[in-house]
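The numbers here are math on the coordinates, done by the rules we state, and not lab data. Because the structure is a prediction, the values reported are computed rather than measured. Neighbour counts are summed over all protein chains in view; Cβ atoms, including those assigned to glycine, are modelled from backbone coordinates with ideal geometry.
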Amino acid sequence: MKKFIIKSGIYIVLILLIIEIIVRVFHLYTEDPPRFIDEYGVEKRVPGNTGYTVFGNRNQSYSRFSINESGFNSHREFNPTNDKCEIAIIGDSFIEGFHQDFDDSTGKKLEDKLGNCEVYEYGYSGYDLANQMHLIHAYKEQFDLIDEVVIYLNYDSDLDRGVYEPNYDRIKMLKSTPFKIRDNIKILAYGSKIGILEPLKRLVSGKAFEEPENGYQTNEIETTDDEKEKALDIQKLSNFKSLVKLYGFNKSKTSFLLDSRKTSKRFLEYCRNNGINYIDFADNLKKSKKATTLIYDWHWNNHGRDIIASTIADYMKAKKEKVSK
C-alpha cells in the first residue's frame, strides 16, 4: 500500500509537470499585465509590458498587447497638442481590447477610417463611469487638448456608484501570494482561465453554496413601468448626475458610446432632453449578417470592432459637417 501511494504520488507529479510543459510550450495560459494606482488615483496598467492574452479554452483568441507609457493597451503613445486632431475613447475591457491585437484595435480601425486623427484608447478592464470621469478630471491638462471624447457606457454595470474611490484592496489582492503562485504556475493560470478552479475560488470566497449567476441571455432590456425597474433607473440616473456635478462635463466634445437595446429608455430620454450626445451602435450591430461578438463571450470580434469604428467615424464626420455649415 505504501509503495502504491508513493508511486501514485510520483506519477501525479510527473503528469502535472508534463501538463505544465505543454501549457507553456503551446502558450495556453493568458498573461495579465500588472496593475497599479498612480499618484492621481487612476487605476491602470504598469507601462512597458508586452505579451499575449489568451481567451477561450482552445486558444480561440490569441492576441498581442502592448502597454504604452500612459498605462493603456495601445499601438501609440498619447501626446495631444493643439496642432493636430485627437480623439479619446474611454471604457472598460471592450475598449482595452485584449481580445484583439493591439495594432488592429477599435481605435486603430477608427484612425484608418478618419485618416486625419490620432485615437487614444483609455481602456481598462473593470472601469465604470466613475473611473472614467475621474480619469478625465485627473488628466485634465491632457484632455483639454483632445478634440473629442467618447465614453463607452454599459448601462447595466457602469452607473452603480455616484462617487469614485480608488480600489487599493483589489491591487493589494492581485499582488498577494496566491495570485503570484497562480501567475507563475501556468497550470493554475490555465485552469483559472477555463473555469476548473471556479469551485475552489467560490469556496475561498465563501460563495460555495450560492447559485452562480446565469450567463448573459439577450441583448434586450425590458424597460417597463415596473416599480423595481423604475427605482433602479432613478438610482442610476442619480449616480450619473452626481458624477457630472462632481467632475463637470464638456457637452460640446463629449459623447457616450452605447447600445440602446441595453440602455434604459429613461436614461436615453434624459440625455436627449439635456443636450447630452450619444453614439448608438445598436442598429448597425443588429443588421449585420455576420456575428459581431466572440463565440465564448460578448466582447466584440474583429467584425464587430469594424462596425463600432465605422459608427464612431460616421458620427464624427457628420458632427464636423454640421459645425462647418
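Observations
- Panel order for Ser93, Ser288, by other beta carbons found within 10 Å of each beta carbon, from fewest to most: Ser288, Ser93.
- Partner aspartates and glutamates whose Cα lies under 20 Å from the Cα of Lys322, excluding those fewer than 8 positions away in the same chain, are identified as Glu86, Asp147, Glu148, Asp280, Asp314.
- Using 0.36 nm per residue and subtracting the Cα-Cα separation, the extra length available between Lys180 and Arg261 on full extension is 25.2 nm.
- Asn82/Ala318 FRET efficiency (R0 41 Å; Cβ-Cβ; nearest 0.05): 0.95
- Between Asp226 and Tyr270, the simple label model (points 7 Å from Cα in the Cβ direction) yields a spacing of 2.0 nm.
- Its relative contact order, with pairs defined as Cα atoms under 8 Å and 6+ residues apart, puts the range 235-325 at 21 percent.
- Whichever lysines have a C-alpha closer than 17 Å to that of Lys108, once near sequence neighbours (fewer than 8 apart) are set aside: Lys84, Lys317
- Going from the residue with the fewest nearby Cβ atoms within 10 Å to the one with the most, Leu174, Leu17 rank Leu17, Leu174.
- Estimated FRET transfer efficiency (His303, His27; beta-carbon r; R0 25 Å; 0.05): 0.50
- Fully extending the segment from Lys7 to Lys253, taken as 0.36 nm per residue of separation minus the present Cα-Cα distance, adds 81.7 nm.
- Bridgeable lysines around Lys236 (alpha carbons under 18 Å apart, same-chain partners fewer than 8 residues away excluded): Lys228, Lys245, Lys262, Lys265.
- Taking every alpha-carbon pair under 8 Å whose residues sit at least 6 apart, the range 60-176 reaches a relative contact order of 29 percent.
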